[in-house]
Amino acid sequence: MSSTPRIAIDAMGGDEGVPVMAAGASRALSADPALMFLLVGDEAAIAPVLAADAKLRAASEILHAPETIAGTDKPTQAIRRAKTTSMGLAIDAVKKGKADAALSAGNTGALMAMAKLALRTLPGIDRPALAALLPTLGDNDLVMLDLGANTECDANNLVEFAVMGAAYARIVMGLERPRVRLLNIGEEELKGTDEVKEAAALLREADYLPLSFDGNIEADRIGRGEADVIVSDGFTGNIALKSVEGTARFITDLLRRAFTSSLRSKAGFLLSRPAFHMLKTHLDPNNHNGAVFLGLNGVVVKSHGSADAGGVANAIGVAAKLARASITRRIGEDLERFHAHHPAQVAAK
């Protein structure tokens with residue numbers, strides 16, 4: 001993979017569209033001058049923004065797309081418009097080798113459907129998974145997957161997610177053997193569904209993989225720094241993610257209300273402002289922005305629709321890092337190793 005990755009950006013996606021997506025690209029370029037961009041969307045809206053930023057203009061090319069995917073569009077509707085929309089053309093650029101990764105802050109379901117149809121899954125993978133980084137109290141962030149791409153999963157799917165999540169953690173966090181755990185209702189081996197118990201048995205035997213399987217973990221331990229990768233089906237994972245994000249907002253809003261309730265509390269806030277700022281920064285989703293569809297024949301990154309320029313820049317950084325590290329090749333190699341030891345799982349597909 002080139003050391004100067006080219007990122008195809010759906011410039012029309014997200015709550016603010018072109019201004020924020022371009023500002024995020026500009027900020028990412030300042031941090032990583034080797035980046036190149038293919039800005040996909042309405043040329044009339046993109047060109048004036050580039051004209052005002054000489055550095056970004058020099059590193060960018062515009063690909064005009066006459067249409068945009070709306071947040072209300074169903075995946076089936078989006079697929080039919082893949083060749084005319086900014087999201088569809090950004091993914092197509094990866095398929096045709098014109099970009100090393102695609103980034104969108106638009107409709108998640110549409111992005112998933114179009115990416116899977118255009119890029120297909122890697123050999124040996126039944127379903128791609130949506131993975132994201134979450135903050136923890138440990139020394140590094142946490143990779144969690146699946147976060148909503150697959151509501152129902154069998155044991156093989158969960159094992160594939162574990163392999164993909166571990167490869168992601170090795171690249172993004174530089175871990176040699178990431179600690180992998182399965183999200184469950186208890187840490188005991190007898191707890192959970194048959195699918196989770198079967199996946200745990202398969203992972204315990206997989207000591208030849210570049211990961212360390214540490215058993216089950218309960219939802220109240222997600223942020224404690226006791227795992228590097230947490231695996232679940234998409235239904236459970238999405239609920240867990242929304243609970244974590246909601247709790248983070250609840251804490252910051254509660255603290256803000258407490259610090260403004262009286263003159264004494266306002267004085268206390270002045271003294272504790274550095275600590276409050278550190279907490280807010282640690283919990284800010286913009287600082288962990290950039291979910292990834294793992295298991296596809298190409299890199300596709302999903303940004304929060306409400307992300308600011310800093311959040312978009314972080315998502316671009318994730319896309320560039322995965323492209324440079326050839327994430328698809330690493331996942332493929334690890335899965336080949338697993339399937340070589342478990343031919344029965346391959347035959348059952």
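Every residue, every condition in (1) open to solvent by less than 30 Å² (accessible area, probe 1.4 Å); (2) touching a Ser or Thr at 6+ places or on another chain (Cβ under 6 Å), yes or no:
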position	(1), (2)
Asp32	no, no
Pro48	no, no
Ala52	no, no
Lys55	no, no
Ala65	yes, yes
Lys98	no, no
Ala101	yes, no
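Is one or more of the residues making up segment 257-279 closer than 23 Å to Phe161 by Cβ, surrounded by 13 or more Cβ atoms within 10 Å (Cβ to Cβ), out of contact with any Ser or Thr (no Cβ under 6 Å at 6 or more places or on another chain) and modelled with pLDDT under 90?
No, that holds for no residue.
Does Glu205 count as open to solvent by 20 Å² or more (accessible area, probe 1.4 Å), within 24 Å of the chain's Cα centre (by Cα) and of a type in the set (Asp, Glu)?
no
Take the residues of segment 67-78 that are in contact with a Gly (Cβ under 8 Å, 6 or more places away or on another chain) and over 15 Å from Ala105 (Cβ atoms): which is most open to solvent (accessible area, probe 1.4 Å)?
Filtering segment 67-78 for residues that are in contact with a Gly (Cβ under 8 Å, 6 or more places away or on another chain) and over 15 Å from Ala105 (Cβ atoms), the one most open to solvent (accessible area, probe 1.4 Å) comes out as Lys74.
As an exercise: evaluate Gly109 against (1) surrounded by 22 or more Cβ atoms within 10 Å (Cβ to Cβ); (2) in contact with a Pro (Cβ under 8 Å, 6 or more places away or on another chain); (3) of a type outside the set (A, V, I, L, M) and give the number of the one condition it does not meet.
Going through the list (1) surrounded by 22 or more Cβ atoms within 10 Å (Cβ to Cβ); (2) in contact with a Pro (Cβ under 8 Å, 6 or more places away or on another chain); (3) of a type outside the set (A, V, I, L, M), Gly109 breaks only (1).
Just to be sure I understand, how many residues within segment 94-114 are in a helix (DSSP H, G or I), under 21 Å from Asn314 (Cβ atoms) and modelled with pLDDT of 95 or more?
Within segment 94-114, residues that are in a helix (DSSP H, G or I), under 21 Å from Asn314 (Cβ atoms) and modelled with pLDDT of 95 or more number 1.
Which residue, of Leu134, Leu119, is in contact with a strand residue (DSSP E or B) (Cβ under 6 Å, 6 or more places away or on another chain) and either within 20 Å of Asn289 (Cα to Cα) or charged (D, E, K, R) (or both)?
Leu134
What is the number of the single condition among (1) under 18 Å from Asp141 (Cα atoms); (2) of a type in the set (Phe, Trp, Tyr); (3) without any contact (Cβ under 8 Å) to a residue 24 or more places away in the chain that Phe250 does not meet?
The number of the failed condition is (1).
Of all residues in segment 224-245, count the ones that are open to solvent by less than 30 Å² (accessible area, probe 1.4 Å) and of a type outside the set (A, V, I, L, M).
5
Under 6 Å between Cβ atoms, which residue pairs at least 6 apart in sequence (or on different chains) link something in segment 90-105 that is among the hydroxyl-bearing types (Ser, Thr, Tyr) with a partner that is assigned to a loop (DSSP other than H, G, I, E, B) and open to solvent by less than 10 Å² (accessible area, probe 1.4 Å)?
Taking only residues 6 or more apart or on different chains, the pairs are Ser104/Gly13.
The values are calculated or read from the model by the stated rules, or taken from the named source; none is laboratory data. In this text, all values refer to a predicted model and were calculated from it rather than measured experimentally. For neighbour counting, all protein chains shown are included, and Cβ atoms are generated from backbone atoms with ideal geometry for every residue, glycine included. Each accessible area value is taken on the protein alone, full model and side chains, heavy atoms only, with ligands, DNA and RNA left out. Shrake-Rupley method; radii C 1.70, N 1.55, O 1.52, S 1.80 Å.
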